[in-house]
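Structure, as structure tokens:
The values are calculated or read from the model by the stated rules, or taken from the named source; none is laboratory data. Note that the structure is a prediction, hence the values are computed from the model and not measured. In this analysis, Cβ positions are derived from the backbone assuming ideal geometry, glycine residues included, and neighbour counts consider all displayed protein chains. Accessible surface is based on the protein model in full, side chains and every heavy atom, while ligands, DNA and RNA are left aside. Shrake-Rupley method; radii C 1.70, N 1.55, O 1.52, S 1.80 Å.
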Amino acid sequence: LGRYLFGAPVPGDAELVALLTAIAVSLFLPYCQLRHGNVIVDVFTADAGPAIRGWLDALGSLLLFAMTATLSWRLGVGGLDLARSGDESMMLRLPTWWGFVIVVPCLALTAAAALVTLRRHLVEAGGNR
């Protein structure tokens, strides 16, 4: 768009796209988990009963919780370290920790959503609807 409108590339466009993509993805992760909107490959479980699928979905939610809780913790530590050191992007000289301010709480919220869906799947697996 910068080349089309101004006849020249926009400096730092790759930095902005990377930052905004990370933010956009992290904003939708909790909602996607709660709506059961993640991609699921069910080739091996298509013929399985609801209890088995419930247990496997519960395992997936547990793994997602562990992963997003760990990522939230470590990205929080890393973001604080970047803020303390004054790290900046190369082209636009934007502070690199800015993205962490949004991404870290979204990952923590995704971890909470994974616990909610874990409980839901355990109820489904147990047949207690």
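For the range 67-88, check the following and say yes or no: at least one residue is outside any helix (DSSP H, G or I), touching a strand residue (DSSP E or B) at 6+ places or on another chain (Cβ under 9 Å) and closer than 30 Å to R3 by Cβ.
Within the range 67-88, one or more residues are outside any helix (DSSP H, G or I), touching a strand residue (DSSP E or B) at 6+ places or on another chain (Cβ under 9 Å) and closer than 30 Å to R3 by Cβ.
Looking at the range 42-65, can you tell me whether even one residue there is in contact with a His (Cβ under 9 Å, 6 or more places away or on another chain), hydroxyl-bearing (S, T, Y) and part of a helix (DSSP H, G or I)?
Scanning the range 42-65, I find at least one residue that is in contact with a His (Cβ under 9 Å, 6 or more places away or on another chain), hydroxyl-bearing (S, T, Y) and part of a helix (DSSP H, G or I), so the answer is yes.
How many of the residues in the range 83-123 are crowded, with 18+ Cβ neighbours inside 10 Å and over 15 Å from I23 (Cβ atoms)?
Qualifying residue count, the range 83-123: 6.
Kindly indicate whether any position in the range 34-42 is among the basic types (K, R) and farther than 30 Å from A125 by Cα.
No, every residue in the range 34-42 fails to be among the basic types (K, R) and farther than 30 Å from A125 by Cα.
Could you say whether any residue in the range 13-34 is within 12 Å of A114 (Cβ to Cβ), open to solvent by less than 70 Å² (accessible area, probe 1.4 Å), touching a residue at least 40 places away in the same chain (Cβ under 8 Å) and not hydrophobic (A, V, I, L, M, F, W, C)?
Among the residues of the range 13-34, at least one is within 12 Å of A114 (Cβ to Cβ), open to solvent by less than 70 Å² (accessible area, probe 1.4 Å), touching a residue at least 40 places away in the same chain (Cβ under 8 Å) and not hydrophobic (A, V, I, L, M, F, W, C), which makes the answer yes.
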